[in-house]
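Step one of this worksheet: look at the structure below.
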Amino acid sequence: MPKKNKIQKSKKVIVKKISPKKVFIKNQVFKTNNAGASIRQSDKKGKQKEFFKYTLLRGMHDILPREEKYWRPFRDNAVKLADHFLYRQIETPVLEDANLFIRSVGKGTDIVDKEMYIFEDRDGKKVCLRPEMTASVVRAYIMHGLWSLPQPLKLWYWAPMFRHDRPQAGRYRQFTQFGCEVFGSDDPAVDSELILMAYNFFVDLGLPVQIKINSIGATEERNKYISALVEYYRGKRSYLCDDCKKRLNKNPLRLLDCKQEQCKPIKDEAPQILEWLESESKGHFMKVLEYLDELAIPYALDHTLVRGLDYYNRTVFEIYPAVDGEMNTQGALGGGGRYDPLIEQMGGHPSFGSGFSIGVERAAQYLKQACEQQICALPKAECNVYVAQLGDQARRNALKLINNIRNSGLKIDYNLTKNSLKVQLDSANGLKVPYTLILGQKEVIDHTVIIRDMESGVQEIVEQSKIAKIIAHKLEKIDLKKKR
Ligand code: HAM
């Protein structure tokens, strides 16, 4: 049994806004810790009553219907994109061997050093909640012999990840990623197609985004570059922030990620990785950019973009909101790149891999803000028809009728708990449906239903068996009128 959390009772009285840390009960404020608390208070008769049990863990969040409406368009678009580009879905366990990420994402990265949810299970095995999915997908690719399928193999996922990060706007400890991974081809067109998908994920919903892109070359090229970078930074060590002093020893590439003002002039003058690339890597990168030009995808070259995970080689990219063509670099919406050596490094036959992931919380937040600023609008979840029923017999018949209409592909709404026709017609008006079907006792006996045109109020009686076809026909007519 988990221990109950301590509750302090404060003497202050009214708190109007209830934050997750404060619970407002009967004019008294109880402070709870983040893990939540069970609160007991005496009622008038002195009987102990339990009012409230748990709050959320820090950094966790519920997705309520008011937020879900900003998620749904992305989920629909992810499925649509995956279908169009012929990607197959993959799911892997949330719990994995911790070494999978320690070895692939790499020691010295923030994810491994500071953010992994890592613990021993009951068998004493070091396990973790996956902080990202690429390593898991590579594990599955090797383990299940997916390399023996026709290549390139294109996979996608929509799954929760866990990072024990410091919670702040757009940064959670559990978050969802939509991602795509392609195996078995080092063609630059693969990288460009992935960027196109990530770009379309937003642009299809009317959200402007911009791509930051770089190439970090092959391992040998990068190693030579890192030596030059260390040499350059070593002479300036005393001017660096504390984090950069550590990075210089532990993970020098991350020096280019520093956002501190004091390090900026040093970073600006640092050697650029593109100068260390040999002709093959340079040629690969140029082709990726040519494809992007051809696709008219806006991108910005950024020689400081190195990504925070160790497994990348060659192309790396990130996606940012772009409002009025200006880049808003508050937080990346997504990122990815090529990781060819990882497959062999993890015990597979040498192959190629490239992919990206998008943070759905950040995407949903961007969509919400863009809707508020009228940059775009949520796609309408149109309802085609409402069914209103009167009386027990009609209610029983209504469910069957609704099922038949729904099977014909129409979107239908109803409320079987309501009896009043007026209330049901009000609901139909609220949904702005063009037609309501009314089913009373007489219609049940006659196997008919009344169609009410919600605009004119004109009603007609038709046979139940023909209703789906008749409604579909009427809706087509409305569509045609709109188009004219
Ligand atoms: P990543 O850059 O670590 O890459 O994460 C991708 C995206 O996940 C970020 O751009 C961000 O939108 C979102 N994200 C990351 N951390 C958080 C957080 N704490 N809260 C909310 N959202 C977050 C990867 O994970 C790589 N596996 C991407 C990849 C796929 N590379 C190749 N294939």
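The values are calculated or read from the model by the stated rules, or taken from the named source; none is laboratory data. Since the model is a prediction, treat every value here as computed from it, not as a measurement. Here the Cβ positions follow ideal geometry from the backbone for every residue, glycine too, while neighbour counts run over all protein chains shown. In case anyone asks, the SASA skips ligands and DNA or RNA and just uses the protein heavy atoms, side chains included. Shrake-Rupley method; radii C 1.70, N 1.55, O 1.52, S 1.80 Å.
When you look at Gln151, is it of a type in the set (S, T, N, Q), in contact with a Gly (Cβ under 9 Å, 6 or more places away or on another chain) and within 12 Å of the ligand (Cβ to nearest atom), yes or no? Spell out the reasoning first.
Numbers: of a type in the set (S, T, N, Q): yes; in contact with a Gly (Cβ under 9 Å, 6 or more places away or on another chain): yes; within 12 Å of the ligand (Cβ to nearest atom): no.
No.
So that you can scan it fast, the table gives a plain yes or no per residue for (1) among the small types (Gly, Ala, Ser); (2) modelled with pLDDT under 95:
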| site | (1), (2) |
| --- | --- |
| Leu410 | no, yes |
| Leu416 | no, yes |
| Ser420 | yes, yes |
| Ser427 | yes, yes |
| Ile438 | no, no |
| Val449 | no, no |
| Gln459 | no, no |
| Val462 | no, no |
| Lys466 | no, yes |
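Residues being among the basic types (Lys, Arg) and over 34 Å from the mean Cα position of the chain (by Cα): count how many of those fall in segment 254-283. Reasoning before the result, please.
Going residue by residue through segment 254-283, those that are among the basic types (Lys, Arg) are 254, 259, 264, 267, 282.
Add one more test, that the residue is over 34 Å from the mean Cα position of the chain (by Cα), and what stays is none.
So the count comes out to 0.
Looking at (1) open to solvent by 20 Å² or more (accessible area, probe 1.4 Å); (2) out of contact with any helix residue (DSSP H, G or I) (no Cβ under 7 Å at 6 or more places or on another chain), which is the one condition that is false for Gln424?
Gln424 satisfies all of (1) open to solvent by 20 Å² or more (accessible area, probe 1.4 Å); (2) out of contact with any helix residue (DSSP H, G or I) (no Cβ under 7 Å at 6 or more places or on another chain) except (1).
Specify the residue that is farthest from the ligand (Cβ to nearest atom); the eligible residues are those in segment 275-312 that are under 30 Å from Lys114 (Cβ atoms) and part of a strand (DSSP E or B). So that I can check it myself, show each step before the final result.
First, the residues of segment 275-312 that are under 30 Å from Lys114 (Cβ atoms): 276, 300-312.
Within this subset, residues satisfying the condition of being part of a strand (DSSP E or B) are 300-301.
Working: Ala300: 16, Leu301: 19 Å.
Only one residue fits best here, namely Leu301.
Kindly establish whether Arg103 is assigned to a helix (DSSP H, G or I), touching a residue at least 60 places away in the same chain (Cβ under 8 Å) and closer than 28 Å to Asp310 by Cβ.
Details: assigned to a helix (DSSP H, G or I): yes; touching a residue at least 60 places away in the same chain (Cβ under 8 Å): yes; closer than 28 Å to Asp310 by Cβ: yes.
So Arg103 fits the description; yes.
For a quick check of your reading: which strands (runs of 3 or more DSSP E) sit entirely within segment 352-470 and have at least 1 residues that are among the charged types (D, E, K, R)?
Details: elements: 353-359, 385-389, 412-414, 435-439, 448-453, 459-463.
In segment 352-470, 412-414, 448-453, 459-463 are the strands (runs of 3 or more DSSP E) which contain 1 or more residues that are among the charged types (D, E, K, R).
Would you be able to say whether some residue in segment 189-197 is open to solvent by less than 30 Å² (accessible area, probe 1.4 Å), of a type outside the set (Asp, Glu) and either near the ligand (Cβ under 9 Å from one of its atoms) or free of Cβ contacts under 8 Å to residues at least 12 places away in the same chain (or both)? Steps first, answer last, please.
Taking segment 189-197 and keeping what is open to solvent by less than 30 Å² (accessible area, probe 1.4 Å), we get 190-192, 194-195, 197.
Filter again for of a type outside the set (Asp, Glu), leaving 190, 192, 194-195, 197.
Next cut, either near the ligand (Cβ under 9 Å from one of its atoms) or free of Cβ contacts under 8 Å to residues at least 12 places away in the same chain (or both) only: 194.
There is at least one residue in segment 189-197 that is open to solvent by less than 30 Å² (accessible area, probe 1.4 Å), of a type outside the set (Asp, Glu) and either near the ligand (Cβ under 9 Å from one of its atoms) or free of Cβ contacts under 8 Å to residues at least 12 places away in the same chain (or both).
I need every pair where a residue in segment 334-362 that is at pLDDT 95 or above and open to solvent by less than 10 Å² (accessible area, probe 1.4 Å) has its Cβ under 6 Å from the Cβ of a residue that is charged (D, E, K, R) and near the ligand (Cβ under 6 Å from one of its atoms), sequence separation at least 6 or different chains.
Gly355/Glu181
Going through segment 120-167 one residue at a time, which ones are among the acidic types (Asp, Glu) and farther than 20 Å from Gly347 by Cα? Step through it out loud before you land on a result.
First pass over segment 120-167, keeping only residues among the acidic types (Asp, Glu): 120-121, 123, 132, 165.
Residues satisfying the conditions are Glu120, Asp121, Asp123, Asp165.
Can you say whether Leu255 is in contact (Cβ under 8 Å) with a residue 12 or more places away in the chain, among the aliphatic types (A, V, I, L, M), touching a Leu at 6+ places or on another chain (Cβ under 7 Å) and under 17 Å from Asp310 (Cα atoms), as far as the supplied structure shows?
Working: in contact (Cβ under 8 Å) with a residue 12 or more places away in the chain: yes; among the aliphatic types (A, V, I, L, M): yes; touching a Leu at 6+ places or on another chain (Cβ under 7 Å): yes; under 17 Å from Asp310 (Cα atoms): yes.
In short, yes.
A quick yes/no check of all residues on (1) more than 30 Å from Val203 (Cα to Cα); (2) more than 15 Å from the chain's Cα centre (by Cα):
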| residue | (1), (2) |
| --- | --- |
| His61 | no, no |
| Arg75 | no, no |
| Ala82 | no, no |
| Val105 | no, yes |
| Phe119 | yes, yes |
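Which residues, counting only those in segment 242-251, are surrounded by fewer than 21 Cβ atoms within 10 Å (Cβ to Cβ) and closer than 16 Å to Tyr232 by Cα? Reasoning before the result, please.
From segment 242-251, those surrounded by fewer than 21 Cβ atoms within 10 Å (Cβ to Cβ) are 242-243, 245-246, 248-251; that's our starting set.
Within segment 242-251, Lys245, Lys246, Leu248, Asn249, Lys250, Asn251 meet the criteria.
Lys114 is checked against (1) within 13 Å of the ligand (Cβ to nearest atom); (2) surrounded by fewer than 15 Cβ atoms within 10 Å (Cβ to Cβ); (3) over 23 Å from Arg166 (Cβ atoms) and fails just one. What number does that condition carry?
The one condition Lys114 does not meet is (3).
Name every residue in segment 64-78 that is open to solvent by 50 Å² or more (accessible area, probe 1.4 Å) and either within 30 Å of Tyr141 (Cβ to Cβ) or charged (D, E, K, R) (or both), in order of residue number. I'd like the intermediate steps shown before the answer.
Keep residues of segment 64-78 that are open to solvent by 50 Å² or more (accessible area, probe 1.4 Å), which gives 64-69, 72, 75-76.
The answer is Arg66, Glu67, Glu68, Lys69, Arg72, Arg75, Asp76.
All but one of (1) crowded, with 16+ Cβ neighbours inside 10 Å; (2) more than 10 Å from the ligand (Cβ to nearest atom); (3) assigned to a loop (DSSP other than H, G, I, E, B) hold for Pro131; state the number of the condition that does not hold.
In the conditions (1) crowded, with 16+ Cβ neighbours inside 10 Å; (2) more than 10 Å from the ligand (Cβ to nearest atom); (3) assigned to a loop (DSSP other than H, G, I, E, B), Pro131 misses (2) alone.
Return yes when Arg139 is more than 12 Å from the ligand (Cβ to nearest atom) and buried (at least 18 other Cβ atoms within 10 Å of the Cβ) and no when it is not. Spell out the reasoning first.
Details: more than 12 Å from the ligand (Cβ to nearest atom): yes; buried (at least 18 other Cβ atoms within 10 Å of the Cβ): yes.
Answer is yes for this residue.
Limited to segment 365-376, what total is found for residues that are within 12 Å of the ligand (Cβ to nearest atom) and either at pLDDT 95 or above or within 13 Å of Pro208 (Cα to Cα) (or both)? Write out each step before concluding.
First, pick out the residues of segment 365-376 that are within 12 Å of the ligand (Cβ to nearest atom): 365-366.
Applying the additional criterion that residues be either at pLDDT 95 or above or within 13 Å of Pro208 (Cα to Cα) (or both) yields 366.
Going through segment 365-376 one residue at a time, the tally reaches 1.
Within segment 86-100, does at least one residue satisfy the condition of being at pLDDT 95 or above, open to solvent by 20 Å² or more (accessible area, probe 1.4 Å) and in a helix (DSSP H, G or I)?
Within segment 86-100, one or more residues are at pLDDT 95 or above, open to solvent by 20 Å² or more (accessible area, probe 1.4 Å) and in a helix (DSSP H, G or I).
I'm told Gln177 meets every condition in (1) open to solvent by less than 30 Å² (accessible area, probe 1.4 Å); (2) farther than 21 Å from Val306 by Cβ except one. Can you identify the failing condition by its number?
Evaluating Gln177 over (1) open to solvent by less than 30 Å² (accessible area, probe 1.4 Å); (2) farther than 21 Å from Val306 by Cβ leaves (2) as the failure.
For segment 167-176, indicate whether the set of residues that are in a strand (DSSP E or B), within 30 Å of Cys376 (Cα to Cα), free of Cβ contacts under 8 Å to residues at least 60 places away in the same chain and within 16 Å of the ligand (Cβ to nearest atom) is non-empty. So that I can check it myself, show each step before the final result.
Initially, segment 167-176 is screened for residues in a strand (DSSP E or B), giving 168, 171, 174-176.
Checking which are within 30 Å of Cys376 (Cα to Cα) leaves us with 168, 171, 174-176.
After this cut, where a residue has to be free of Cβ contacts under 8 Å to residues at least 60 places away in the same chain as well, the list is 168.
Cutting the leftovers down to within 16 Å of the ligand (Cβ to nearest atom) gives us 168.
Yes, segment 167-176 contains at least one residue that is in a strand (DSSP E or B), within 30 Å of Cys376 (Cα to Cα), free of Cβ contacts under 8 Å to residues at least 60 places away in the same chain and within 16 Å of the ligand (Cβ to nearest atom).
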